[in-house]
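Colleague: Submitted below is the structure of interest, expressed as C-alpha cells.
The values are calculated or read from the model by the stated rules, or taken from the named source; none is laboratory data. Just so you know, these numbers come straight off a predicted model, no measurement behind them. A quick note on method: Cβ atoms are made from the backbone with ideal geometry, for glycine too, and the neighbour counts reach across all protein chains shown.
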Amino acid sequence: MTAAEAGPRPGVVQLDVMNGDLRIERVRWWHLSAIARMETAIFGPEAWSEGVLWSELAAGHDYRAVLDGADGDRIAGYAGTAFGDAEAWINNIAVDAAHRRRGIAAMLMDDLLARARAGGAKSVFLEVAVDNAPAQRLYDRYGFYGIGVRKNYYQHTGTDAAVMRMDL
C-alpha cells in the first residue's frame, strides 16, 4: 500500500515495501546535517546549506525523509513542500545515490501528493532544472506539465528552471 492509498497520517507513515525497512518521517533538526551533505553531493554548487534547511523548517514548510532501517536509519531521500490554501509547492526532492532506482522518489511523491489533497490543494507546482531529465520523467509520470521557464534560475550555474504544474 502506498502512502497515497493509506491517506495522510501525522508524524510517521510506515510503508510496507522492501521488507518494511523504509519509512517516511517528518524531518527533524537532527536530520538537517545529513540532508545538507546529501544536497551538496547531489546538487553541487546549487545545494541548500544547513542554514537554509533550518529556515525552511522554521518557516513551517513540511519536510519528510525516507529512512532506511536496514541501513541504520540512514536518510535515503527527502522532500520539502510548502502548503498554501489551494496550492502546494514542492521545494525540493532528492534521493541519495546509493538508494536510487528503488522507488524512493515515488514514495515521497505519493506521500506529499496525498497530504496536498488532504489539505485541500487544487494544484501542485515545482521548478526543476531544464537539464534534469530523470526528475522531469518522474514528474511527467505523475501528470505534471510545463507552464513556463525561469531563465538563469539557478544562480551558480545559470541553468534555467522549467516550472511545472499538476492539477489535483
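Colleague: Do the conditions hold for Val95, that is, is it within 30 Å of Asp71 (Cα to Cα) and modelled with pLDDT of 95 or more?
Modeller: Against the criterion (within 30 Å of Asp71 (Cα to Cα) and modelled with pLDDT of 95 or more), Val95 qualifies.
Colleague: One residue is enough: does region 46-59 have a residue meeting the conditions without any contact (Cβ under 8 Å) to a residue 24 or more places away in the chain and on the phi > 0 side of the Ramachandran plot?
Modeller: Looking through region 46-59, none of the residues is without any contact (Cβ under 8 Å) to a residue 24 or more places away in the chain and on the phi > 0 side of the Ramachandran plot.
Colleague: Checking the condition at negative phi, in contact with a His (Cβ under 7 Å, 6 or more places away or on another chain), in a strand (DSSP E or B) and not small (Gly, Ala, Ser), which residue from Ile90, Ile75 passes?
Modeller: Exactly one of Ile90, Ile75 is at negative phi, in contact with a His (Cβ under 7 Å, 6 or more places away or on another chain), in a strand (DSSP E or B) and not small (Gly, Ala, Ser), namely Ile75.
Colleague: Additional query: Among the residues of region 118-144, count how many are farther than 18 Å from Glu25 by Cβ, part of a helix (DSSP H, G or I) and not hydroxyl-bearing (Ser, Thr, Tyr).
Modeller: 8
Colleague: Then there is this: Go through region 75-105 residue by residue and tally those that are in contact (Cβ under 8 Å) with a residue 40 or more places away in the chain and of a type in the set (Lys, Arg).
Modeller: Result for region 75-105: 1.
Colleague: Of the residues in region 136-154, how many are of a type in the set (S, T, N, Q) and closer than 16 Å to Asn92 by Cα?
Modeller: So the count comes out to 1.
A quick yes/no check of all residues on (1) of a type outside the set (A, V, I, L, M); (2) under 30 Å from Asn152 (Cβ atoms); (3) within 15 Å of the chain's Cα centre (by Cα):
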{"residue": "Ala59", "(1), (2), (3)": "no, yes, no"}
{"residue": "Asp71", "(1), (2), (3)": "yes, no, no"}
{"residue": "Ala94", "(1), (2), (3)": "no, yes, yes"}
{"residue": "Asp111", "(1), (2), (3)": "yes, no, yes"}
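Colleague: Then there is this: Which is among the basic types (Lys, Arg), outside any helix (DSSP H, G or I), buried (at least 17 other Cβ atoms within 10 Å of the Cβ) and over 12 Å from the mean Cα position of the chain (by Cα), of Arg102, Arg115?
Modeller: Of Arg102, Arg115, the one residue that is among the basic types (Lys, Arg), outside any helix (DSSP H, G or I), buried (at least 17 other Cβ atoms within 10 Å of the Cβ) and over 12 Å from the mean Cα position of the chain (by Cα) is Arg102.
Colleague: Taking Leu53 as the residue in question, decide whether it is in a helix (DSSP H, G or I) and either among the hydroxyl-bearing types (Ser, Thr, Tyr) or out of contact with any Asp or Glu (no Cβ under 8 Å at 6 or more places or on another chain) (or both).
Modeller: So Leu53 does not fit the description; no.
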